[in-house]
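To start, the structure itself, in structure tokens.
The values are calculated or read from the model by the stated rules, or taken from the named source; none is laboratory data. All figures in this text were calculated on a predicted structure; none of them were measured in a lab. All Cβ positions, glycine included, derive from the backbone under ideal geometry; neighbour counts span all protein chains shown.
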Amino acid sequence: MKSKITLKELSKLLNVSVSTVSKALHDSPEISPKTAERVKELAKLHNYRPNPVAVNLKKSKTGTIGVVIPNISNSFFARVLSGIEAQAQQHDQQIITYISNESLDREKQICDLLTSGMVDGVLIAVSEETQKKAEYEHLFALLDYDIPVVVYDRINLNLPADKVGVDDEKSFYDATRFFRAKGLERIGIASAIHHVGIGKLRISGYQKAMDELPVFTARSSSEGTLKSKIEKLLITEKVEALLCTDFESAIITTRVAYEQNIKIPEDLKIIGYINKDIAEYLTPSLSYIEQHPSELGVKAVEVLNQRISGDISAGKFEEKIIATTMVHLESSKF
């Protein structure tokens, strides 16, 4: 007698990842025809099907989209949400907002709620803990229930879904080349988010731009450890410029410079990923990468509605990249 089976159980029987099974069932071009046929045959044999309650509910539109935000204390996400809200109104849609607080368990709970059919689609920025542990089964569950999903901002994930993000790697490649064009060679990078996708991309951009020059890195998710590593870059290595991949590393860098009487920008130049509303009010003001978060939110809703309406064909996934802007304030002056 055939029994209902889950994606995870199918992946174990086939000795492939959950990701491969989900992609095969959704006709992803990333999966070979031979593998897709194996997956579909076994799924049929075991009577695999998505949750029928969720599928039935999905036949009727709710006029609502779910938005998962990882960190509400970060004003970047508040600005993304503003763009999402404005664009959703243009489509006569309401939004339900959830906050994961960078927690894998909380994100799982939210995805569980979203599979009930209460929304027409989901916009999600994946939590840091989810990326660090590389546990994505709950995200594949959304796709398994045929719920349209757009991953925004943190898009460096092996997930068969539409994605909207910014050019993280290119932004720091360009920032590094800016300093090099000014004659600087001792250029470093500091990061508290080196373990997540966007952090890795920013570091990669820096490394590529350094070419044959030595790289100077300070990476840690521990505030105390990161501070000591930044101190080493500034005091021992005497870097001339520092790129900061996130708010925490930027603030720690300015603090260390102040404590060590290192003058910005005379002795040290800085460009960071820091929010505009903070960068302009620091002393000295901090040059930053503008990510255009409201535009990102608008574009994420546009792509989601294209998926909901069927304008994007099954098996094809959109990836929209928004160009960042390097904004020079006092900390990068020459």
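Hey, among the residues in segment 192-216 that are in contact with a Leu (Cβ under 8 Å, 6 or more places away or on another chain) and not basic (Lys, Arg), which one's farthest from residue 324 (Cα to Cα)?
My answer is 216.
To keep it simple, each residue is scored yes or no on (1) closer than 17 Å to residue 65 by Cα; (2) without any contact (Cβ under 8 Å) to a residue 60 or more places away in the chain.
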| position | (1), (2) |
| --- | --- |
| 88 | yes, no |
| 96 | yes, yes |
| 106 | no, yes |
| 113 | yes, yes |
| 120 | yes, no |
| 138 | no, yes |
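Working only within segment 84-96, note down all residues that are surrounded by fewer than 20 Cβ atoms within 10 Å (Cβ to Cβ) and either within 19 Å of residue 165 (Cα to Cα) or of a type in the set (Lys, Arg) (or both).
Matches in segment 84-96: 85, 86.
Of the numbered conditions (1) in a helix (DSSP H, G or I); (2) within 14 Å of the chain's Cα centre (by Cα), residue 111 satisfies every one except a single condition; which is it?
(2)
Pairs, please: C-beta under 8 Å, at least 6 apart or cross-chain, first residue more than 17 Å from residue 158 (Cβ to Cβ) and in segment 15-44, second in a helix (DSSP H, G or I) and of a type in the set (Phe, Trp, Tyr)?
From residues that are more than 17 Å from residue 158 (Cβ to Cβ), there are no pairs.
Tell me, which helices (runs of 4 or more DSSP H) wholly within segment 1-92 include 2 or more residues that are in the same structural domain as residue 307 (by TED's automatic domain parsing) and at pLDDT 85 or above?
Those helices (runs of 4 or more DSSP H) span 75-90.
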